[in-house]
Amino acid sequence: MGILICTHGNSAKELLQSAEMICGTQKDCQTVKFEMGESLDQLQNDLKAKLDSLQGPVLCLTDLKGGTPFNTLVKLIKDYPDMEIVTGVNIPMLLQLFINREQMPLEKLLDSVIEAGQTGIYRYSNTTSGDNEEF
Amino acid sequence: MIVLTRVDHRLLHGQVAVSWTSHLSADCILIANDNVANDNTEKTIMKLAKPTGVKLVIKTIADSIKAINSGVTDKYKLFIVVKSIDDVYKLAEAVPAIKEINLGGTQAADGKESLSSAVFVTSDERQELDKLVANGVQVYCQQVPTEKKKIFG
């Protein structure tokens, strides 16, 4: 399975590098950036080139539902019917994906990636129980 | 069963909590560290980093030795994390079940020898590692599971 991360600006590449710091270098993972003033054709061509370079079904992670990268990916589904699109990409999602991409079936993997993204959002409050776990 | 003993000066952080724990399928993490065992803020930070579904126990080095040697940890796939080479030396000398030590990261400092891009040792620490190797313990540098092991000694 291939992975494609596409975002506004350069964050796709940076997110990938940050996640790789934690769980090691990834194969079959591409990034695409959408820059200020870039044409829709250019973005679509970049996405196609990267999608064509990946084997098997591709899981696309993008930043914003309704943003141009997302909208363009949705338009490309007719040419790439195996493609999956998930928005809200963050580091916990990438880690979950990178660690489990080889062994988890696609549907379960998608669910767990979305869950990781949601549970990664957390407000710290100084109330964690002082109880210690024992063996 | 001990699945891994790792030296990491950051103890439980992203690489350890996420990558190693899932790679090892560990079901219990033991942080063996005297400071953390006695500091509630440090303990809280470690607990927040704990992966779901995994048990986290925090003990001093002495209590860790007692617990492991008592057999109470045998039923777990136990992942031990310590902060320093001195700590792992004390632990491995007292716990015969430790046959393998993963050097994940130690603080760089002037005068320390570099064993890898993330592991730095003083001459005393190097001697401790030499003794462990002489006792038949395998010691290697490896930061993340996808990286190749670099055997020490």
Only listed residue being within 14 Å of another protein chain (Cβ to nearest Cβ) and touching a residue at least 60 places away in the same chain (Cβ under 8 Å), chosen from A:95, A:106, A:73: A:95
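What residue, of B:2, B:65, B:31, is open to solvent by less than 30 Å² (accessible area, probe 1.4 Å) and at pLDDT 95 or above?
Working: B:2 fails: open to solvent by less than 30 Å² (accessible area, probe 1.4 Å); B:65 fails: open to solvent by less than 30 Å² (accessible area, probe 1.4 Å).
Of B:2, B:65, B:31, the one residue that is open to solvent by less than 30 Å² (accessible area, probe 1.4 Å) and at pLDDT 95 or above is B:31.
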Residue, most open to solvent (accessible area, probe 1.4 Å), within the stretch A:1-31, restricted to residues that are in a strand (DSSP E or B) and farther than 17 Å from residue A:102 by Cα: A:8
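Let me confirm something: among A:55, A:118, A:44, A:103, which residue is open to solvent by 50 Å² or more (accessible area, probe 1.4 Å), touching a Ser or Thr at 6+ places or on another chain (Cβ under 7 Å) and not charged (D, E, K, R)? Can you show your working first?
Numbers: A:55 fails: touching a Ser or Thr at 6+ places or on another chain (Cβ under 7 Å); A:118 fails: touching a Ser or Thr at 6+ places or on another chain (Cβ under 7 Å); A:103 fails: touching a Ser or Thr at 6+ places or on another chain (Cβ under 7 Å).
Of A:55, A:118, A:44, A:103, the one residue that is open to solvent by 50 Å² or more (accessible area, probe 1.4 Å), touching a Ser or Thr at 6+ places or on another chain (Cβ under 7 Å) and not charged (D, E, K, R) is A:44.
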The listed residue being free of Cβ contacts under 8 Å to residues at least 60 places away in the same chain and within 14 Å of another protein chain (Cβ to nearest Cβ), out of B:40, B:135: B:40
From the options B:112, B:83, B:77, B:148, residue that is surrounded by fewer than 18 Cβ atoms within 10 Å (Cβ to Cβ) and touching a residue at least 40 places away in the same chain (Cβ under 8 Å): B:77
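Applying the selection to the stretch B:127-145, what residues are assigned to a helix (DSSP H, G or I) and either within 30 Å of residue A:95 (Cα to Cα) or open to solvent by less than 80 Å² (accessible area, probe 1.4 Å) (or both)?
Within the stretch B:127-145, the first condition is being assigned to a helix (DSSP H, G or I), and the residues that meet it are B:127-134.
Within the stretch B:127-145, B:128, B:129, B:130, B:132, B:133 meet the criteria.
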Qualifying residue in the stretch A:70-80 (condition: surrounded by 15 or more Cβ atoms within 10 Å (Cβ to Cβ) and part of a loop (DSSP other than H, G, I, E, B)): yes
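The values are calculated or read from the model by the stated rules, or taken from the named source; none is laboratory data. Owing to the predicted nature of the structure, the values given are computational and were not obtained by experimental measurement. Glycine gets a Cβ as well: all are built from the backbone with ideal geometry, and neighbour counts include every protein chain shown. When the accessible area is computed, the model is the full protein with side chains, heavy atoms only, and any ligands, DNA or RNA have been set aside. Shrake-Rupley method; radii C 1.70, N 1.55, O 1.52, S 1.80 Å.
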